[in-house]
1. Convert each backbone phi in region 102-108 into a coupling constant with the Karplus relation 6.51 cos²θ - 1.76 cosθ + 1.60 (shift: θ = phi - 60°), then list the ³J(HN,Hα) values in order as whole Hz, x for Gly and Pro.
2. Quick one: 3J(HN,Hα) in Hz for region 443-458, Karplus 6.51/-1.76/1.60 with θ = phi - 60°, rounded, Gly and Pro as x.
3. How much length is gained on full extension from Ser558 to Met406, taking 0.36 nm per residue of separation minus their Cα-Cα distance?
4. Of all alpha-carbon pairs in region 317-405, indicate the percentage at a distance above 15 angstrom.
5. Any chance you could run the full-extension gain for Asp366 through Glu531? It's 0.36 nm times the residue separation minus the Cα-Cα distance, nm to one decimal.
6. Mind pulling the per residue volume of the convex hull built on the Cα atoms of region 131-180? Å³ is fine.
7. Rank Val393, Val333 by accessible area, highest first, at a 1.4 Å probe radius?
8. Using a 10 Å cut-off on Cβ atoms, rank the peptides 210-218, 236-244 from the highest mean neighbour count down.
Amino acid sequence: MKTLTLSLLLVPLACGAEEFRLHTFERVPLTNVYFSEGANAGDFDNDGIADAVYGPNWYAGPDFKQKHLIYKTLPQPMEGYANHFFAWPYDFNGDGRLDIFTVGFPGTPAHVYENPGKEGDGQAWPKHQVFDWVSNESPQLTQLVGDERPELVCTRDGFFGYASINWEAGFEAWIFHPISDRIAHERFGHGLGVGDVNGDGREDVLMQSGWFEQPADLAGDPLWEFHKVPFAPSGGADMFAYDVDGDGDNDVITSLAAHAYGLSWFEQTPEGFTEHLIMGDRPGLNKYGVVFSELHSVALADMDGDGLQDIVTGKTYWSHHKQAPAWDAGAVVYWFKLVRGKDGVDWIPMLADGEAGIGRQVVVKDVNGDKLPDIVVGGMLGGHVLLHRMKEVDEATWTAAQPKAMETADRPAVQGRPAPIDAATGRVPGALEGEALEVKASKGAANPQNMKGFSGSRWSGDAQLFWTGGTEGESLAFSFDVPETGDFLLESVFTRAPDYAVVQLGIDGKDLGEPIDLYDFAKVTTTGVLEHAAGKLEAGPHVVSIRITGVNPNAAPSKYVGLDYLRLAPVK
């Protein structure tokens, strides 16, 4: 089955006019059988046309229908993991034919399958073990030390390092060079990459908690200086050093958790690195409302020919089986178009495919020679080539197909005026301070919380009442006295945050107005002063209730509630 998936792009022409182009990707299945966590492409039969490799077979281009044996194996167990994770084409023995270097399950040996040429077609390729132990789930076969040929960057037995190749005998055992003390996970580990972080012209090694600076002299295998930066504490996938904002220094790009959510770029500044979230764990954390989990592989490539590197990634479907959040959501492949503008950096999400997903390796190459970068993926759902197509359209068609940024109205806005906090006392005169109330919660706990550390707003008394553990339908209540009978407004100030609930305020069992959405797009702030018509209240005790009615679709599901204060005001 072949499928076209729409991506979008506007390309300015040199003459000043605008050319409107739609980009699509045609999905060409190699197989739907699970053989490997990665796939790649290269010209294995030297006919001038790129072929695809996925697991035990290579598939002849340009249609990828005819498969050729590399090694014999059975389909891999989807309830477990494959014995083949990564594949890289390279001519390791200098005979003019592309061999295939493979890395298997973390902590196992790596092999080169020697390309036998036409005379060996249909037979298993000769297999050479070249390294005894490859760990980390994002190893890199890439140029590292300046010799114009690749090294294997990985971890081994708890050490970060690289394996060098004797190019006079590429099938002999490769030599491991540790660059760190024994600080890595012995077998697994997430997050690894290569790039020039400090701009000295030498490639450095990136990992989830910082980066190793390549020294000027590698004689004697010195340890590389480590610079601690909390890029991705949970560990993501492939990491990159690239000048995202065009200011002349390299920033860092990484997914945040291979089996969960998150994609960020870290801006390099004189003071250190500042994180800019591209995509989080809910739609509201992405400007375009895009969210998916399991970003276990990331590539960087100029997808649209504008000279800027874009991010290519997707959902590594079933990467941790049912343990991963949203494990059964769509097996998507996206590219995020980098845009630099007067307002800063934007990453526009372009859906390349909705069914193939990715594995531990996503590869971007022009496999059909049309000068458009294609995407090669392999994983639990089999192997696929996503062929890049481009079509010129009119402006109206292009505009209708553009990814739409979330409207401001889709994000809860502060609805009330600023709280009248007295400069001398730091409190609102006559307020019932949330942190001082004696409340009863039907579920969970409500306790005072100091809010001095939050800069999004100012809280009366620099504190709030913080209710945690509540669920939909649960409520908290407290009593207060009305001094004399009359008509009143009840003023309230609640806290807004990305993980707060929708609540209903009430008095004496009667709801006051509409539910209040306490979700904020990305910061902790307040609602400002909200006014609720309480009607006629008799002198004496009354009960105020706050009931959780739900949660904004964009909010994290914690359903927290924060109350700054309440105040009764007589209707004039």
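1. 3J(HN,Hα) across region 102-108, in whole Hz: 10, 10, x, 4, x, x, 10.
2. 7, x, 9, 10, 9, x, 9, 6, 10, 5, x, 9, 9, x, 7, 10
3. Full extension of this stretch gives 52.5 nm more.
4. On the way: 2714 of 3916 pairs.
Here the tail beyond 15 Å accounts for 69 percent of pairs.
5. Taking Asp366 through Glu531 to full extension adds about 53.4 nm, to one decimal.
6. Working: hull volume 3.5 nm³, N = 50.
Taking only Cα atoms, region 131-180 has a hull volume of 70 Å³ per residue.
7. The ordering from most to least exposed comes out as Val393, Val333.
8. Numbers: 210-218: 16.0, 236-244: 23.6.
Output ranking for 210-218, 236-244: 236-244, 210-218.
The values are calculated or read from the model by the stated rules, or taken from the named source; none is laboratory data. All figures in this text were calculated on a predicted structure; none of them were measured in a lab. With ideal geometry, Cβ positions are generated from the backbone for all residues, glycine too; neighbour counts draw on all protein chains shown. With ligands, DNA and RNA removed, areas are computed over all heavy atoms of the protein, side chains included. Shrake-Rupley method; radii C 1.70, N 1.55, O 1.52, S 1.80 Å.
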